[in-house]
Each structure stands twice: as structure tokens, then as C-alpha cells.
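Undergrad: The structure follows.
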Amino acid sequence: MEEGKVISQLVQESAAAYSIIHEKFGSAISDFDANGTMPFFEVVDTSRWTEIALFMRDHPRLKFNYMACLSGVDYPAEGKLGIVCNFESLTHFHHKLAVKVKCARDGGSLQSVALVWHTANWHEREAYDMFGILFTGHPELKRILCPDDWVGYPLRKDYKVQDQYHGIKVPY
Amino acid sequence: MGLLDAGITKHNMLITSVDNVLNWARLSSLWPMGFGLACCAIEMMATNASNYDLERFGIFPRSSPRQSDLMIVAGTVTMKMAERVIRLYEQMPEPRYVLSMGSCSNCGGPYWEHGYHVLKGVDRIIPVDVYVPGCPPRPESLIGGLMKIQELIRMEQIGISRADALKKLSEKSVDPQFIIERERKAVGA
Ligand code: SF4
């Protein structure tokens, strides 16, 4: 019981943080989802993603100074790719928020936030490596885990492994 | 039988074949290359350390392929690593031996189906002499594998090929099930 109370208080704080962002950006972001584990919202107007990111980092009552994670996601049913970013505010506030940003599966791209949080640099490269999400404005967008000449994006749902890599058979 | 067990008398003179001396020298100082690729390497390090003490067999890891005659492929060989493994293998002087340790390097292990980045068996790129199964193999199994390499060296002769030596070795193979049953009976299990 005690724990449930703590979580809901966290969600309340996150909701308060959300309303500050919502006040500024209005319909550019979606409604607040009071998910007990990780409350989140989605960026609807993706062309304002960097702007929202800077606002979240610098606003005196938000201070999301810590990007805990940035993960790529594939949504084949919607024909989209996306990222989920987890933010916290170290030493300032207890609120936590996750932000989802999506782009088209073919030929879509997202704004990079690598210069807002340096953590995003490698994480965006990983999302590019695994899902093929392009990040505009990223200082060095190239593969980070797979070899540079790897074909395809391994974590996409429809990924098929290549037959040969440098003359070595890949499938079992 | 070891050479020294023969008992040396007559002014330390001893008559044996050149093959015997060479093989004895080589199998008593097998130097593996000191490199590990994944979790299996932890077990290999444990085997090298004091509890299992590989040095009692004269097995001591070297830090250069140029000084090694045995490659223990301990762990997951990724596609990225595969080409490096080939290069390291080619840098080793002959005669050289390869021991594939663990399911990953035997056949891809847990990554056999969905591991797009894993080489499904190091024998796709370099010739393997002995496979040690397990995920990871216990140090005892690794020692067992190393002793198989020693046996293989014992089978070698000047003028016969590695393939012939391996054939001679496989002719001497025993059925492990039989030994397990026998040991079980002996302890009354
Ligand atoms: S065989 Fe098992 S223990 Fe060895 S490297 Fe592979 S996953 Fe790790």
C-alpha cells in the first residue's frame, strides 16, 4: 500500500511537470499518460522536438538534466519508427517523464537531441544502427555496434539476416 | 606413457624415436594464446588460475600469437571478431592447434537462431581440432579438451598429416557412456 502511494505521488509530480510543458507547447504534444511505471507523453509536432527538449532541460521548474535512456522502437502496424526517451532531474526534482517521438518508417527522420543531452549521441547512433532511424543534426551519425558495411537494421520486425558477410556465411 | 616414467639408467642415456621426443616436448609446453571472447573466457581464466592450475601441464597463456601454438576460442565469435580471429590464427606459427570452447564457438550456442551478429561455429573460418561442449564448460571439461590436444600431438609423426593424426586419434576413441555407467556402479549410485 505504502508503495502504491509513493508511485502515485511520483505520477502527480510528473503530471505537474507535464502541465508546464503543455502550457508552453499546447497541441504540439499529446495528452499526459499517467502510466504508473513511467508516465509519458508523445511529441505530435516532431519538428519542435529539439525545442521541447531544450525547454525541458532548462526550465527552472523542470530541469530534466538527465537522459536515462533513449530506445528505438519499431511500429510496423502504424508504419512508423520511434524513440522513447526517459528523463529524470538529478538533484533538483523527483519528477520523471518519458517522451515518445515517432517518424515514418520509410524515409522519415527525427531531430537529434545529441547536443541537448550528450547521452543521446551514442543512443541515437544505436537507434540508427538497429532501426535505421535518421537523426538530423547529429554530429556523427554512423553505426555504433554493427560493422560499418552491415546490411539492414537488425531490430526491425521484418529484418532478414544477410546471407554472407565478407564471404562468411551468416545464417545457421 | 611419459618419457620420464621409463626410468633412465646407464649414464642418463635413453633410446627413443625422434617423434617421441618432439611430441613429448611439444605436448608438455602447450602455450595457448591469451585471449577470451565472452563468458566462456571467465571459465578459461579460472582454469588458468590457482584452483585448477593449468601450469602443472606446462600450459601457460602467451600474449602474442607468434609465441603460441594453441588457440582456445573461448566464447562468442561475432561477425566483427571473425576476421580478427582468422588474422590471429594466421599469425600463429605452425604446428598450431585450435580448441573450440563452449557452445557459442562450436555452433553459435544460444545465438544460433536470432543472433544475426554471431558466427555460427568458429569452424566456418578456421580448422578446429577439439571441441569442448558446454555453456560454459567447466574447467574440468576444458582440461579434458586440452588433454585431447595432447593426445593428438602424441599421435603425430614426422611425415604424416594432421588429418591422419586426427584419424588415429578417433580410432582410439572410447564410449563415454560406458565409463559413466562403470563409475556410477563403482560408487553404487
Ligand atoms: S557458450 Fe555460453 S558461456 Fe560460453 S560464451 Fe557462449 S553463452 Fe557464454
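The values are calculated or read from the model by the stated rules, or taken from the named source; none is laboratory data. These figures come from a predicted structure and were not determined experimentally. No Cβ is skipped: glycine too gets one built from the backbone with ideal geometry, and neighbour counts run over all protein chains shown. When the accessible area is computed, the model is the full protein with side chains, heavy atoms only, and any ligands, DNA or RNA have been set aside. Shrake-Rupley method; radii C 1.70, N 1.55, O 1.52, S 1.80 Å.
Undergrad: Provide a single number: the residues in region B:116-149 that are assigned to a loop (DSSP other than H, G, I, E, B), within 15 Å of B:I42 (Cβ to Cβ) and among the small types (G, A, S). Break it down stepwise before answering.
TA: Restricting attention to region B:116-149, the residues satisfying the condition of being assigned to a loop (DSSP other than H, G, I, E, B) are B:116-117, B:119-121, B:125-129, B:133-138.
Applying the additional criterion that residues be within 15 Å of B:I42 (Cβ to Cβ) yields B:134-138.
Still in the running and among the small types (G, A, S): B:134.
So the count comes out to 1.
Undergrad: Can you tell me how many residues in region A:52-65 are in contact with a helix residue (DSSP H, G or I) (Cβ under 8 Å, 6 or more places away or on another chain) and either of a type in the set (K, R) or open to solvent by 50 Å² or more (accessible area, probe 1.4 Å) (or both)?
TA: So the count comes out to 3.
Undergrad: Still on this structure, I have one more. Only residues that are open to solvent by less than 10 Å² (accessible area, probe 1.4 Å), within 13 Å of the ligand (Cβ to nearest atom) and within 14 Å of chain A (Cβ to nearest Cβ): list them for region B:108-155, please.
TA: B:G108, B:G115, B:V118, B:L119, B:G121, B:V122
Undergrad: Would you be able to say whether some residue in region B:134-153 is more than 30 Å from A:D148 (Cβ to Cβ) and of a type in the set (S, T, N, Q)?
TA: Initially, region B:134-153 is screened for residues more than 30 Å from A:D148 (Cβ to Cβ), giving B:134-153.
Okay, now just the ones that are also of a type in the set (S, T, N, Q), so B:141, B:150.
Yes: region B:134-153 contains one or more residues that are more than 30 Å from A:D148 (Cβ to Cβ) and of a type in the set (S, T, N, Q).
Undergrad: Mind checking which residues of region B:48-71 are in contact with a Gly (Cβ under 8 Å, 6 or more places away or on another chain) and in a strand (DSSP E or B)?
TA: B:R62
Undergrad: Here's a check for you: in region A:142-159, which residue that is buried (at least 16 other Cβ atoms within 10 Å of the Cβ) and not hydroxyl-bearing (S, T, Y) is nearest to the other protein chains (Cβ to nearest Cβ)?
TA: Here the answer is A:P154.
Undergrad: Applying the selection to region A:100-112, what residues are assigned to a loop (DSSP other than H, G, I, E, B) and under 17 Å from A:M67 (Cα atoms)?
TA: Within region A:100-112, the subset assigned to a loop (DSSP other than H, G, I, E, B) is A:105-108, A:112.
If the condition is that a residue be assigned to a loop (DSSP other than H, G, I, E, B) and under 17 Å from A:M67 (Cα atoms), then A:S112 is the only one that fits.
Undergrad: Here is a follow-up. Restricting to region A:124-136, name every residue that is open to solvent by 50 Å² or more (accessible area, probe 1.4 Å) and either under 26 Å from A:F32 (Cβ atoms) or in a strand (DSSP E or B) (or both). Talk me through it step by step, then tell me what you get.
TA: To start, the set of residues in region A:124-136 that are open to solvent by 50 Å² or more (accessible area, probe 1.4 Å) comprises A:126, A:134, A:136.
Once the filter is applied, which keeps residues that are open to solvent by 50 Å² or more (accessible area, probe 1.4 Å) and either under 26 Å from A:F32 (Cβ atoms) or in a strand (DSSP E or B) (or both), region A:124-136 yields A:L134, A:T136.
Undergrad: Specify the residue that is nearest to the chain's Cα centre (by Cα); the eligible residues are those in region B:167-189 that are aliphatic (A, V, I, L, M) and open to solvent by less than 80 Å² (accessible area, probe 1.4 Å).
TA: First, the residues of region B:167-189 that are aliphatic (A, V, I, L, M): B:169, B:174, B:179-180, B:186-187, B:189.
From what's left, open to solvent by less than 80 Å² (accessible area, probe 1.4 Å): B:169, B:179-180.
Details: B:L169: 13, B:I179: 21, B:I180: 22 Å.
Among them, the one singled out is B:L169.
Undergrad: Consider B:R87 carefully, then state whether it is touching a helix residue (DSSP H, G or I) at 6+ places or on another chain (Cβ under 9 Å), within 14 Å of chain A (Cβ to nearest Cβ), open to solvent by 10 Å² or more (accessible area, probe 1.4 Å) and more than 16 Å from the ligand (Cβ to nearest atom).
TA: Working: touching a helix residue (DSSP H, G or I) at 6+ places or on another chain (Cβ under 9 Å): yes; within 14 Å of chain A (Cβ to nearest Cβ): yes; open to solvent by 10 Å² or more (accessible area, probe 1.4 Å): yes; more than 16 Å from the ligand (Cβ to nearest atom): yes.
Yes.
Undergrad: Taking A:L115 as meeting all but one of (1) assigned to a loop (DSSP other than H, G, I, E, B); (2) within 14 Å of chain B (Cβ to nearest Cβ); (3) open to solvent by 50 Å² or more (accessible area, probe 1.4 Å), write down the number of the exception.
TA: Here A:L115 clears every test but (2).
Undergrad: Only one of B:E113, B:E43, B:E94, B:E90 is out of contact with any Leu (no Cβ under 8 Å at 6 or more places or on another chain), in a helix (DSSP H, G or I) and of a type in the set (D, E); which?
TA: Of the residues listed, the single one that is out of contact with any Leu (no Cβ under 8 Å at 6 or more places or on another chain), in a helix (DSSP H, G or I) and of a type in the set (D, E) is B:E90.
Undergrad: If you don't mind, another one. Quick test for you: out of B:V98, B:V73, pick the one residue that is open to solvent by less than 20 Å² (accessible area, probe 1.4 Å), on the phi < 0 side of the Ramachandran plot and more than 15 Å from the ligand (Cβ to nearest atom). Break it down into steps so the answer makes sense when it comes.
TA: Values: B:V73 fails: more than 15 Å from the ligand (Cβ to nearest atom).
Of B:V98, B:V73, the one residue that is open to solvent by less than 20 Å² (accessible area, probe 1.4 Å), on the phi < 0 side of the Ramachandran plot and more than 15 Å from the ligand (Cβ to nearest atom) is B:V98.
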